[in-house]
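> One structure, as structure tokens, below. Some questions next.
The values are calculated or read from the model by the stated rules, or taken from the named source; none is laboratory data. This one's a predicted model, so the numbers in the text were calculated from it and none came from an experiment. Backbone-built Cβ (ideal geometry, glycine too); neighbour counts: all protein chains shown.
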Amino acid sequence: MADNGNSGKTAHWVGQKLKRKEDPRLVQGISHYTDDFKLTGMLHCVLVRSPHAHAELRAIRTEAARALPGVVGVFTTEDTASVGGVPCAVQMPDLKVPKHPVLATGRVRYVGEPVAAVVAEDIYVARDAAELVEVDYEPLPVVIDMEKALNGAPFIYDEYKSNQAFTHTLKNGDVDAAFKKADRVVKQRMVNQRLAPIAMEPRAVMAEYLPGEKRLTLWSSTQIPHLLKTQVSVMLGLPENFVRVIAPEVGGGFGSKLNVYAEEGIVPWLAMKLGKPVKWNESRRENFLATIHGRDTINELELALKKDGTILGLRGRLLQDCGAYHQLLTPLIPQLTALMHAGCYKIPAIQIDIVGVFTNKMSTDAYRGAGRPEATYNVERMMAIAAQELGMDAAEFRLKNFPQAKEFPYTTITGLTYDSAKYQESLKKALTLSGYASLRKRQKDGWKAGKYYGIGVSTYVEICAIGPSAATPAGGWESGTVRIEPTGKVTLLTGASPHGQGEETTFAQLIADELGIDPDDVNVVHGDTLAVPYGIGTFGSRATAVGGTAAYLATQKLKAKMATLAAHLLGCEPADITIGRGHLSAKGGKSISFGDLVLSAYTARNIPAGFEPGMEATHFFEPSNFTFPFGAHIASVEVDIETGEVKIEKYVAVDDCGNVINPMIVDGQLHGGIAQGIGQAMWEELVYNEDGQLLTGTLMDYALPKAHFLPEFTLARTVTPSPVNPMGVKGVGEAGTIASTPCMVNAVCDALSPLGVRHIEMPLKPERVWSAIAKAHLSPQGDPHT
Amino acid sequence: MKKNITITVNGTEHRTFVEPRLLLVHFLRDVLSLTGTHVGCETSLCGACTVLLDGRAVKSCTVLAVQANGHKVTTVEGLAADGLHPIQEGFWEEHGLQCGFCTPGMILCSHDLLARHANPSDAEIREAINGNLCRCTGYQNIVAAVRNASKRMSKPVAARAGVR
């Protein structure tokens, strides 16, 4: 094994590009994802899923399936009636929360809804048997279009007499007055299309029940093992202190595993029922159909402006497609969307009205960014369109409306307090780095020569480090336990549950600095509820700012304890102790080695009166506010107006996520985020036809970005520490996704502005771009979208 | 009716009886417990299951185990005789992975490329790995990792770590 370069240095570890501690096992394929575990006597579960989007379930015949050799059982809703429903954690005054049984009961409401569970000794046999299950469906009218769903379409839930799932309004300032006094009102309708998160590891669940010990162990590819433990104990009626959830290596999440799914109730129920371990692996087809989707909003925006470009007010009416059922956080996501509609601008009056709509589709829920990309798309598209209508430069328009650095902490019209920012600095840096002035000159020259170059600007702020518990449905704190073992090695137990973010490395860096040791001497343990104190999980760009802070503060408690013991042993006051690399010293030169001190805390033969033996501390960190990372992205494109093809020439991102623990990991998060955001702008789209069939439900049809689709991104940083936590960190997991989608659409629409194209709906496939050009060309008023 | 097959995996010969429909990826994972080869789509579209069949990259979710009868298979576990292969070093050095699920397939696909083309350009790397999907990295550091590996492999010392 080659040296990872993480030991023996005397430098400060925080801020350094350290190679990841996770990687040796991952690059050798010797790590363990859920599907890599095999238990003795393990059975395999395959789910029979509805091919209909909306139908009455008349009969399920399982005899033929049961008769197949190797089949252990076939189970339907009558069998699983005792299993509690799939939970929704959100409460709102008028929220309708339909019953969501783990297996369809009476009706199916989306293609892919689980109808029966087949269990066999072999996965191939289980699949054969699933095909032998006969289900009689009586199709019902299908509701796909959100606007029709609210206007005369049949009801998905007869008892509600409506397809409206909830309403939500955020209003502040005198909006009507703002629009009355406006010199100009810019209006635009925009669709934020439905997306598939597509973690490369599909979901997987394995369960084992030991009746003697009464212990249920559930392995799941999840972002939230502790919350899952609580929910599963409720679903199955088991005492929570006998339920253990393990999130082993998790192959990406992007929000799709920030949930509690039907399979997480079905599989452990089967294991208990059958007395044998049971495993279920999601196929990619199932992943498209029955893992949560993201986005899917229709947005009507109006921006009130003075003719000098000053923003007076913003009004938005949003429809959120919830799908047929609520998953864990479905109705929460659009509330985040509403909150972030102030963007990084001074907006004196705002009104955002959101209506949640039931349709015969899979549920929407948190997908990378979760509400903020939707808001930022609306805001940044409106800023681009407004600047263009006013004849102002896109950058100049933004600079005019940013709050100044000295105004922070800045309270927005939506009621948030942005912690710290220098919006001007990040934008100016991006302008310089992209060669903005020369790009604009080339654009003007190009238009004369029939070349269509576009420059997209996107300045964003996002709400991260989720978050203060008062603003979250299930607690927004995080736990950290630091234990120095008797031999001096350190174990960190973190409630954050990473799945690619590299927290085993970054958390080790920050603890190593505090204790004067090497990151390689810190083992970061996560994802096992029996080992780790209760925690919340990794999502919402929260792990470092909340979970890292919990670890940091637990370490501070330990340092105080170490100083007390060292003072006792060295005959001085705790305040006179300093922690150096590998030793603690008193004023005047006496010192004790780190190892001797720790061991003496365990042998406990010579400790001060009242001193608790051992060397372990836990901190549950409750953040006082969110953090608000920000930045400026600039994309340069060329559009071929004959074919509608878009060439991405350059992508520059200047991001500010506060202090940086490991710049390599931060850059990696940004790369991946930008690629996902560009994916939405350019290629990705879940398309349901009017019968509710998912037309883009395979990796052949759903255009996930491939390596050769993307340019090399140019990254730079500004650093504005957050005052919300002692490390000054903010979060970076979602920034790229949030900024890049509007950046790309702004660039393409900017290129085509002389042709009268004002807006094109995503994804900007050549056919869409070409059609927009053609329509604008044919219409005397220009773009038909205006 | 089970078929008798002989497959050499990572230098070790395995003689066994398998169902004709058993996929190579399931043979590797379930019969041989080599779980470094991942299943991401079962339709040859994501590349997570990429292995080397007689030195060339194939997607083992669409190869039957019986089709590999008499052939040599290299999985990620068998890439390096000792320690890390230069491509694995490259991925580690350049942060060419995050969740790690696509990584074994990416590494073996890169192996196929570098065996044919010792010094590819970035564009050639992007073209070569376009059958392997990654949702975490945006590919930029994967390209850097392959570039890094190409440099490592051009050094004589690295050449010792070969495919078994």
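> Criterion first (surrounded by 21 or more Cβ atoms within 10 Å (Cβ to Cβ), assigned to a helix (DSSP H, G or I) and modelled with pLDDT of 95 or more) does B:Ser110 satisfy it?
So B:Ser110 passes the test.
> If you go through region B:3-17 one residue at a time, do you hit one that is more than 7 Å from chain A (Cβ to nearest Cβ), touching a strand residue (DSSP E or B) at 6+ places or on another chain (Cβ under 6 Å) and either modelled with pLDDT under 95 or surrounded by 22 or more Cβ atoms within 10 Å (Cβ to Cβ) (or both)?
Within region B:3-17, one or more residues are more than 7 Å from chain A (Cβ to nearest Cβ), touching a strand residue (DSSP E or B) at 6+ places or on another chain (Cβ under 6 Å) and either modelled with pLDDT under 95 or surrounded by 22 or more Cβ atoms within 10 Å (Cβ to Cβ) (or both).
> A:Gly84 - would you say it is at positive phi and at pLDDT 95 or above? First the steps, then the outcome.
Details: at positive phi: no; at pLDDT 95 or above: yes.
When the stated conditions are applied, A:Gly84 does not pass them.
> Restricting to region A:208-258, give me the number of residues that are in a strand (DSSP E or B), more than 14 Å from chain B (Cβ to nearest Cβ) and under 19 Å from A:Thr494 (Cβ atoms).
From region A:208-258, those in a strand (DSSP E or B) are A:208-210, A:215-220, A:243-246, A:249; that's our starting set.
Next cut, more than 14 Å from chain B (Cβ to nearest Cβ) only: A:208-210, A:215-218, A:220, A:243-246.
So of that shortlist, the ones also under 19 Å from A:Thr494 (Cβ atoms) come out as A:220, A:244-246.
The qualifying residues number 4.
> Go through the residues of region A:502-513 one by one and say whether even a single one is within 14 Å of chain B (Cβ to nearest Cβ), in a loop (DSSP other than H, G, I, E, B) and in contact with a helix residue (DSSP H, G or I) (Cβ under 8 Å, 6 or more places away or on another chain).
Scanning region A:502-513, I find at least one residue that is within 14 Å of chain B (Cβ to nearest Cβ), in a loop (DSSP other than H, G, I, E, B) and in contact with a helix residue (DSSP H, G or I) (Cβ under 8 Å, 6 or more places away or on another chain), so the answer is yes.
> Look at region B:100-126 and say how many of its residues are without any contact (Cβ under 8 Å) to a residue 40 or more places away in the chain, out of contact with any Ser or Thr (no Cβ under 9 Å at 6 or more places or on another chain) and at the interface with another protein chain (Cβ under 8 Å from one of its Cβ atoms).
Total satisfying the criteria: 4.
> Does A:Thr297 fit the bill of being under 30 Å from B:Cys46 (Cβ atoms), of a type outside the set (D, E, K, R), within 14 Å of another protein chain (Cβ to nearest Cβ) and buried (at least 24 other Cβ atoms within 10 Å of the Cβ)?
When the stated conditions are applied, A:Thr297 does not pass them.
> For region A:577-631, which fully contained strands (runs of 3 or more DSSP E) count at least 2 residues that are aromatic (Phe, Trp, Tyr)?
Ranges flagged: A:616-621.
> Follow-up question, since we're still on this one. Looking only at residues that are outside any loop (DSSP other than H, G, I, E, B) and in contact with a Ser or Thr (Cβ under 7 Å, 6 or more places away or on another chain) in region B:24-45, which one is surrounded by the most Cβ atoms within 10 Å (Cβ to Cβ)?
Of everything passing the filter in region B:24-45, B:Leu24 is surrounded by the most Cβ atoms within 10 Å (Cβ to Cβ).
> Also, quick follow-up: Report, by residue number, each residue of region A:673-695 that is part of a loop (DSSP other than H, G, I, E, B), within 13 Å of chain B (Cβ to nearest Cβ) and more than 20 Å from A:Glu638 (Cβ to Cβ). Spell out the reasoning first.
Of all residues in region A:673-695, those part of a loop (DSSP other than H, G, I, E, B) come to A:683-687, A:689-693, A:695.
Those left that are additionally within 13 Å of chain B (Cβ to nearest Cβ): A:683-684.
The answer is A:Glu684, and nothing else.
> Let me ask something additional. Sort out which residues of region B:68-107 are crowded, with 23+ Cβ neighbours inside 10 Å and of a type in the set (Ser, Thr, Tyr), and write them in order of number.
If the condition is that a residue be crowded, with 23+ Cβ neighbours inside 10 Å and of a type in the set (Ser, Thr, Tyr), then B:Thr75, B:Thr103 are the ones that fit.
> Another question, if that's okay. Got a sec? Which of A:Val748, A:Val654, A:Val757 is farther than 22 Å from A:Gln193 by Cα and of a type in the set (A, V, I, L, M)?
Exactly one of A:Val748, A:Val654, A:Val757 is farther than 22 Å from A:Gln193 by Cα and of a type in the set (A, V, I, L, M), namely A:Val654.
> How many residues, within region B:82-94, are touching a helix residue (DSSP H, G or I) at 6+ places or on another chain (Cβ under 8 Å) and either facing chain A (nearest Cβ under 8 Å) or outside any helix (DSSP H, G or I) (or both)? Spell out how you get there, then give the answer.
Step one: of region B:82-94, the residues touching a helix residue (DSSP H, G or I) at 6+ places or on another chain (Cβ under 8 Å) are B:84-94.
Among the residues that remain, those that are also either facing chain A (nearest Cβ under 8 Å) or outside any helix (DSSP H, G or I) (or both) are: B:84-85, B:88-89, B:91-94.
Adding up the residues that qualify gives 8.
> Identify all residues within region A:86-106 that are charged (D, E, K, R) and touching a strand residue (DSSP E or B) at 6+ places or on another chain (Cβ under 6 Å); write none if there are none. It would help to see each step written out before you state the result.
Step one: filter region A:86-106 for residues charged (D, E, K, R), giving A:94, A:96, A:99.
Within region A:86-106, A:Asp94, A:Lys96 meet the criteria.
> Within region A:271-284, is even one residue part of a strand (DSSP E or B), in the same structural domain as A:Val118 (by TED's automatic domain parsing), closer than 15 Å to A:Thr529 by Cβ and not hydrophobic (A, V, I, L, M, F, W, C)?
no
> Okay, next question. If A:Thr603 satisfies every condition in (1) out of contact with any Cys (no Cβ under 9 Å at 6 or more places or on another chain); (2) β-branched (Val, Ile, Thr); (3) crowded, with 18+ Cβ neighbours inside 10 Å but one, which is the exception?
In the conditions (1) out of contact with any Cys (no Cβ under 9 Å at 6 or more places or on another chain); (2) β-branched (Val, Ile, Thr); (3) crowded, with 18+ Cβ neighbours inside 10 Å, A:Thr603 misses (3) alone.
> Now for a different question. For region B:130-137, does any single residue satisfy the condition of being more than 9 Å from every other protein chain (Cβ to nearest Cβ), in contact with a helix residue (DSSP H, G or I) (Cβ under 7 Å, 6 or more places away or on another chain) and surrounded by 21 or more Cβ atoms within 10 Å (Cβ to Cβ)?
Checking region B:130-137: not a single residue is more than 9 Å from every other protein chain (Cβ to nearest Cβ), in contact with a helix residue (DSSP H, G or I) (Cβ under 7 Å, 6 or more places away or on another chain) and surrounded by 21 or more Cβ atoms within 10 Å (Cβ to Cβ).
> What residue, among those in region A:124-141 that are touching a strand residue (DSSP E or B) at 6+ places or on another chain (Cβ under 9 Å) and assigned to a loop (DSSP other than H, G, I, E, B), is surrounded by the most Cβ atoms within 10 Å (Cβ to Cβ)?
This residue is A:Val133.
> Right, something else. Among the listed residues A:Pro239, A:Pro268, which satisfies the condition of being of a type outside the set (D, E, K, R), within 28 Å of B:Ala48 (Cβ to Cβ) and more than 19 Å from the chain's Cα centre (by Cα)?
Working: A:Pro239 fails: within 28 Å of B:Ala48 (Cβ to Cβ).
Exactly one of A:Pro239, A:Pro268 is of a type outside the set (D, E, K, R), within 28 Å of B:Ala48 (Cβ to Cβ) and more than 19 Å from the chain's Cα centre (by Cα), namely A:Pro268.
> Here is a further query. Does A:Ala575 qualify as being surrounded by fewer than 18 Cβ atoms within 10 Å (Cβ to Cβ), closer than 30 Å to A:Ser624 by Cα and of a type in the set (A, V, I, L, M, F, W, C)?
It is true that A:Ala575 is surrounded by fewer than 18 Cβ atoms within 10 Å (Cβ to Cβ), closer than 30 Å to A:Ser624 by Cα and of a type in the set (A, V, I, L, M, F, W, C).
> Further, regarding this structure: Which of the residues belonging to region B:42-60 are closer than 20 Å to A:Ile198 by Cα and more than 10 Å from every other protein chain (Cβ to nearest Cβ)?
Of everything in region B:42-60, those that are closer than 20 Å to A:Ile198 by Cα and more than 10 Å from every other protein chain (Cβ to nearest Cβ) turn out to be B:Cys49, B:Thr50, B:Lys59.
> I've got another one for you. Take the residues of region A:696-715 that are surrounded by fewer than 16 Cβ atoms within 10 Å (Cβ to Cβ) and closer than 15 Å to A:Ala653 by Cβ: which is farthest from the other protein chains (Cβ to nearest Cβ)?
Per the stated criteria, the residue is A:Thr714.
> Across region A:326-335, what is the number of residues that are buried (at least 24 other Cβ atoms within 10 Å of the Cβ) and touching a strand residue (DSSP E or B) at 6+ places or on another chain (Cβ under 9 Å)?
Residues that pass the stated criteria total 6.
> If B:Leu97 satisfies all but one of (1) part of a strand (DSSP E or B); (2) within 8 Å of chain A (Cβ to nearest Cβ), what's the number of the condition it fails?
(1)
Yes or no, residue by residue, for (1) more than 30 Å from A:Val355 (Cα to Cα); (2) within 14 Å of another protein chain (Cβ to nearest Cβ); (3) within 29 Å of the chain's Cα centre (by Cα):
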| residue | (1), (2), (3) |
| --- | --- |
| A:Glu263 | no, no, yes |
| A:Met272 | yes, no, no |
| A:Pro277 | yes, no, no |
| A:Ser283 | yes, yes, yes |
| A:His293 | no, no, yes |
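> Further question on the same structure: Quick one: A:Leu43 ticks every box in (1) under 30 Å from B:Gly36 (Cα atoms); (2) aliphatic (A, V, I, L, M); (3) out of contact with any helix residue (DSSP H, G or I) (no Cβ under 8 Å at 6 or more places or on another chain) except a single one, so which number is it?
(3)
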